[in-house]
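Visitor: So that we are looking at the same thing, I have put the structure below in structure tokens.
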Amino acid sequence: MARVLILGAGIAGHTAALHAKRLLGRNNEIIVVSPNSNYNWIPSNIWVGVGKMQKQQVIFPIAPVYKRKGIEFHQALAKSIYPEGDSQIANAYVEVSYTDPGRLNQVGKIEYDFLINATGPKLNFAATEGLGPDGHTVSVCTAGHAVDAAEALKSSIEKMKAGNKQCIAIGVGHGTCTCEGAAFEYTFNVDHELRMAGVRDMADLVYITNEYELGDFGVGGMVFTQRGFQTTSKLWTESLFRERGVRAILGAHVEKVEAGKVYYEQVDGTKDVLAFDFAMLLPPFRGVDLQAFNKAGDDISSEIFAPSGFMKVDADYSGKPYEEWKASDWPSTYRNPSYPNIFAVGIAFAPPHQISKPRKSPNGTLIAPAPPRTGMPSGIMGKLAILTIKELLNKGPQAEAHSASMAKMGAACVASSGSGLTQGSAAAMTMFPIVPDYEAYPNTGRSLKDTYGEIGLSGHWIKLLLHYMFIYKAKGRPGWQFIPE
Amino acid sequence: MENQNDSIAHAPLPTAKTLRFRKNLLIQVWRFVAINIKMLNMIRKGHHQK
């Protein structure tokens, strides 16, 4: 009997847990450690952030699901990994601090044979002075943040109805942020809400982003085929901005936020201030505060984790110049090179490099969108780790690992606004692969057949379908395993 | 970065016909099916890596 310990119950960790029970559970022990008591379908936080959905529609208690499935759940925060054990415990283990109110702040040690690190990101609001719910901006990163964002937006709309013009700033709050797609989606949800409230003409809607061009989305942009022509996501996105009357501030690193003021620097070195009445700026991510120690008790965190705090896996971290990067630099098995029984999946793994070209301003400020690795890729990686563990258990340590490189998998991004079945619209995009592979696809780096974008009501239906389908899947209802990641 | 919004100002603007196309229920039902098939094909490729 082996014990599989999964840290995190987001898309990657929860997917891994459900598949682990299904594929390994009969003879093996599955344990999940997560500091949160709820599962959150994060893509729908955008709708909570404009008041179109209630918080309870995007979260549900996770402990009953694990109880029903026979998965052991510890509501706790992982603090330290001891991959060799220590002087008192021979086996590898993780030290945790309980967040469960019944055992608050108690320390536990959970041994494992296989460890899956799916801890996701630390929301690094502290990287930018004044950023975030404790500062002067709102966020939609958690369901709770999204509720606060909806309240602040509602207040702004009321002021517009009273005849006061408002500047609405939406985007990212640092030069190295990721998830520009979420900021883009929130922008057009807010635009939709303002139109519905009849106050669109009272708002200056500004999208502030670290992307060098619109349509970059942290993946270096895309090339689509439309009506017999190749077009770019830049042109496609600019068209949407023109149609909806949204201004853009591009290539921007937000230096600090004060009450009603965003101070930013752009790639060309110019510095400026944007006065705002409402601002939703996403934070940069870094790895969670996990440490690692060897058997002697020496800190080996720098061996296990990249400087960003994300865990090292089977990627090329040699730091080659951008021009020399290749699709093959990206990991495929997500196993830690020092400890192959440790996997890091979803946002928790350290990407080898940015996909968008990193740039520096003349002042030396790095403005480089980080690669997105949320949603679908996270789920696939979570399942992959379990498939590899199954092989290892069945065939021994020499068994071949399963592979799921982001340079060989696609992703869908549906940025939807509105509500109901007839009042919405969405920009639906897919790309294949996520990481461009110029050896396989010499012209654009991606398959033109599988990379496309389309705007319309149908995309909104798809986003609604995904919402209900993935919450059904996450609850482990009958047939959940037939819903792809 | 002074002229970043010039590019937006000169981007293609959808015509009234295109905007109607994006809301037409019959057309959008067909697009819903088509996009889902495209997404399923893309997902299948990602799930079956050698």
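The values are calculated or read from the model by the stated rules, or taken from the named source; none is laboratory data. From a predicted model like this one, the values you see are computed outputs, not experimental measurements. For neighbour counting, all protein chains shown are included, and Cβ atoms are generated from backbone atoms with ideal geometry for every residue, glycine included. Ligands, DNA and RNA are stripped out before the accessible areas are found, and what is left, the full protein with its side chains, is counted by its heavy atoms. Shrake-Rupley method; radii C 1.70, N 1.55, O 1.52, S 1.80 Å.
Visitor: Could you list all residues from the range A:331-353 that are under 22 Å from A:Asp216 (Cα atoms), open to solvent by 10 Å² or more (accessible area, probe 1.4 Å) and touching a residue at least 40 places away in the same chain (Cβ under 8 Å)?
Guide: Within the range A:331-353, A:Ile347, A:Pro351 meet the criteria.
Visitor: Pairs please, first residue from the range A:33-56 and of a type in the set (Lys, Arg), second anywhere and surrounded by 21 or more Cβ atoms within 10 Å (Cβ to Cβ), Cβ atoms under 7 Å, 6+ apart in sequence or on different chains.
Guide: Close Cβ pairs (under 7 Å, with a partner that is surrounded by 21 or more Cβ atoms within 10 Å (Cβ to Cβ)) amount to A:Lys55/A:Val48; A:Lys55/A:Ala143.
Visitor: Then there's this: Go through (1) more than 9 Å from every other protein chain (Cβ to nearest Cβ); (2) more than 23 Å from A:Ala146 (Cα to Cα); (3) touching a Gly at 6+ places or on another chain (Cβ under 6 Å); (4) not aliphatic (A, V, I, L, M) and name the single condition A:Glu265 misses.
Guide: Just one mismatch for A:Glu265, condition (3).
Visitor: May I pose another question? Taking strands (runs of 3 or more DSSP E) that do not extend beyond the range A:389-485, which have at least 3 residues that are open to solvent by less than 10 Å² (accessible area, probe 1.4 Å) and facing chain B (nearest Cβ under 10 Å)?
Guide: A:425-431
Visitor: Looking at (1) closer than 21 Å to A:Pro133 by Cβ; (2) touching a Lys or Arg at 6+ places or on another chain (Cβ under 7 Å), find the lone condition where A:Ser155 falls short.
Guide: So the condition that A:Ser155 fails would be (2).
Visitor: May I pose another question? Please enumerate the residues belonging to the range A:229-238 that are open to solvent by 20 Å² or more (accessible area, probe 1.4 Å) and either in contact with a Lys or Arg (Cβ under 8 Å, 6 or more places away or on another chain) or within 10 Å of chain B (Cβ to nearest Cβ) (or both).
Guide: Result: A:Thr231, A:Lys234, A:Leu235, A:Trp236.
Visitor: Would you check which residues across the range B:11-29 are more than 8 Å from chain A (Cβ to nearest Cβ) and open to solvent by 90 Å² or more (accessible area, probe 1.4 Å) and list them?
Guide: B:Lys17, B:Arg20, B:Leu26
Visitor: May I pose another question? Taking A:Gly453 as the residue in question, decide whether it is closer than 21 Å to A:Arg227 by Cβ and touching a residue at least 40 places away in the same chain (Cβ under 8 Å).
Guide: Here the answer is yes, as A:Gly453 does meet what is asked.
Visitor: When the residues of the range A:81-109 are filtered to those that are in contact (Cβ under 8 Å) with a residue 60 or more places away in the chain and surrounded by 19 or more Cβ atoms within 10 Å (Cβ to Cβ), which remaining residue is nearest to A:Asn40 (Cα to Cα)?
Guide: A:Val96
Visitor: Scan the range A:233-285 for residues that are touching a helix residue (DSSP H, G or I) at 6+ places or on another chain (Cβ under 7 Å) and of a type outside the set (Val, Ile, Thr) and report the count.
Guide: The number of residues fulfilling the criteria is 14.
Visitor: Answer yes or no as to whether A:Asn27 is at pLDDT below 95 and surrounded by fewer than 19 Cβ atoms within 10 Å (Cβ to Cβ).
Guide: Yes.
Visitor: If you don't mind, another one. Would you call A:Pro133 free of Cβ contacts under 8 Å to residues at least 24 places away in the same chain, surrounded by fewer than 21 Cβ atoms within 10 Å (Cβ to Cβ), outside any loop (DSSP other than H, G, I, E, B) and not charged (D, E, K, R)?
Guide: Taking the combined requirement at face value, the residue does not satisfy it.
Visitor: Right, here's the next one. Quick one: which strands (runs of 3 or more DSSP E) lie wholly within the range A:269-330 and hold at least 2 residues that are free of Cβ contacts under 8 Å to residues at least 24 places away in the same chain?
Guide: On the way: elements: A:271-275, A:278-282, A:285-287.
By residue number, A:271-275.
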